[in-house]
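Worksheet: one structure, shown below.
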Amino acid sequence: MSQVIDFLTPRMVGARFAEHAIPLELLKDLAVLEEMIIEVAKWCYLQDHPERKRSPKGFTDGVALKLSGVGEGSAVPHLSLVVEQTQLFPPQAQTYFEQARTHLIDAINAAEHDEPITQHLPDSLLAYFDRFGRSLRDGEAIELAPQSIDRKARLTKATRRKLVLASSQVQELTEEVTLRGSIPEADQGKMTFELQVINGPRVVAPIAGQHLPTVMDAFNGYKQGARVLLQGIGRYNRYDRLQSLETIEHLSLLDVNDIAARLEELKSLRHGWLDGKKGFAPDKAGLDWLAEAFQRNYPDELTPPYLYPTAEGGVQAEWSVNGWEISLEIDLDQHQGQWHALEMANDQEQEKTLNLNEPSDWQWLAAEITGRTGGEA
């Protein structure tokens, strides 16, 4: 016979959860939460029984944290503690699982409010936060006590980092990463390769069998400028420096003129890049905005432009298509683009100012490029 106990109803906050759905990658975090609750419950028991070195036999037998539903609003998973009433399971054990929940919430609240964290959880258990919450992105949170007015126990990327590094036993932490770079070295014997991150370090990564052809294509094309897009788990030190790649989930070759990779390159420019005195460096936040704007609005099937820095600190996009020379001079501060198209055969010109925060202006740009490449405008 089993007992089902309403245990936690965390609230997922962020754009990805607006449709009352939970991305599958977040389920990995909930699986770690189960491991963590069980280990914290054991710790709570030993705190009450200092004469013992381990929890009693059967303490965690038949105990599971299960997803029993998803509530309205931002995704709210209903997590139940399911306890199989075995002969070995101590009746008082349920109390320690409830205490574990309280300690977990209090530790997250302490991190959020810059209070001592190890008053609520010991060093060894804080290491679980290296995997719990790793799937969160900027602007997202898991509220473990959403019903509270001012202490909702918000686990974010920032509070997770505080919790992991509060442990003296942790020297590194892991993060989900999306990186662009080249592959100068590959070792098929060790099944590893080195990724030279654009504007970043050179790090070692494992080769999974399904990624070997892509790794070798990028390695063989290294001198010709071949680059890859990598998504996986990176390992960072306490100073937020990437040390290595733990796992690779997705790996693909990039287009020669990949827009995001080129904009990442431009971040390395410094003032005076043009001749030692002239040439303002593009604003890094502006380059991030532009990369996101292209990603969101520029159709994949269109020819990507060549991108160049301008002396004024902007970016110029250029296309050469069917006798037309087209340029878009982009102001990274105003989010505007000055469009200029010149038909070389008869000097016919077209000019237009685009608001690059407006999807309709991007649609106009895409239609113009499509029409000149022979597609349907």
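Annotations
- Flag for Glu112 being open to solvent by 50 Å² or more (accessible area, probe 1.4 Å), under 22 Å from the mean Cα position of the chain (by Cα), more than 30 Å from Leu230 (Cα to Cα) and among the charged types (D, E, K, R): yes
- Hey, Gly181 open to solvent by less than 60 Å² (accessible area, probe 1.4 Å), part of a loop (DSSP other than H, G, I, E, B), out of contact with any Lys or Arg (no Cβ under 6 Å at 6 or more places or on another chain) and over 17 Å from Phe132 (Cα atoms) or not: no
- Flag if Leu287 is in contact (Cβ under 8 Å) with a residue 24 or more places away in the chain, over 21 Å from Ser360 (Cβ atoms), in contact with a helix residue (DSSP H, G or I) (Cβ under 9 Å, 6 or more places away or on another chain) and assigned to a strand (DSSP E or B): no
Residues checked against (1) in contact (Cβ under 8 Å) with a residue 12 or more places away in the chain; (2) under 25 Å from Val256 (Cα atoms); (3) among the β-branched types (Val, Ile, Thr); (4) open to solvent by 40 Å² or more (accessible area, probe 1.4 Å):
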{"position": "Asn297", "(1), (2), (3), (4)": "yes, yes, no, no"}
{"position": "Glu301", "(1), (2), (3), (4)": "no, yes, no, yes"}
{"position": "Gly314", "(1), (2), (3), (4)": "yes, yes, no, no"}
{"position": "Glu318", "(1), (2), (3), (4)": "yes, yes, no, yes"}
{"position": "Glu325", "(1), (2), (3), (4)": "yes, yes, no, yes"}
{"position": "Trp339", "(1), (2), (3), (4)": "yes, yes, no, no"}
{"position": "Glu358", "(1), (2), (3), (4)": "no, no, no, yes"}
{"position": "Trp362", "(1), (2), (3), (4)": "yes, yes, no, no"}
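- The set of residues in the range 28-45 being over 22 Å from Ser2 (Cβ atoms) and open to solvent by 50 Å² or more (accessible area, probe 1.4 Å) consists of Lys28, Trp43.
- Breaking point among (1) closer than 20 Å to Tyr128 by Cβ; (2) open to solvent by 60 Å² or more (accessible area, probe 1.4 Å); (3) in contact with a helix residue (DSSP H, G or I) (Cβ under 9 Å, 6 or more places away or on another chain); (4) modelled with pLDDT under 95, for Lys162: (4)
- Hits in the range 187-224 - residues which are touching a Leu at 6+ places or on another chain (Cβ under 9 Å), in a strand (DSSP E or B) and crowded, with 18+ Cβ neighbours inside 10 Å: Leu195, Val197, Val203, Ala205
- Residue in the range 184-233 that is nearest to the chain's Cα centre (by Cα), counting only those that are of a type in the set (Lys, Arg) and over 27 Å from Ser135 (Cβ atoms): Lys190
- Residue among Thr156, Thr102 that alone is at pLDDT 95 or above and open to solvent by 60 Å² or more (accessible area, probe 1.4 Å): Thr102
- Selected residue [in contact (Cβ under 8 Å) with a residue 12 or more places away in the chain, of a type outside the set (Gly, Ala, Ser) and either more than 19 Å from Gln243 (Cβ to Cβ) or touching a Cys at 6+ places or on another chain (Cβ under 9 Å) (or both)] from Leu179, Leu173, Leu155: Leu155
- Of residues in the range 235-280 being part of a helix (DSSP H, G or I) and out of contact with any helix residue (DSSP H, G or I) (no Cβ under 7 Å at 6 or more places or on another chain), the one surrounded by the most Cβ atoms within 10 Å (Cβ to Cβ): Arg262
The values are calculated or read from the model by the stated rules, or taken from the named source; none is laboratory data. Note that the structure is predicted; figures quoted are calculated from it, not measured. Every residue, glycine as well, gets a Cβ built from its backbone with ideal geometry; the counts of neighbours run over all protein chains shown. These area figures cover heavy atoms from the full protein model, side chains too; ligands, DNA and RNA do not enter into them. Shrake-Rupley method; radii C 1.70, N 1.55, O 1.52, S 1.80 Å.
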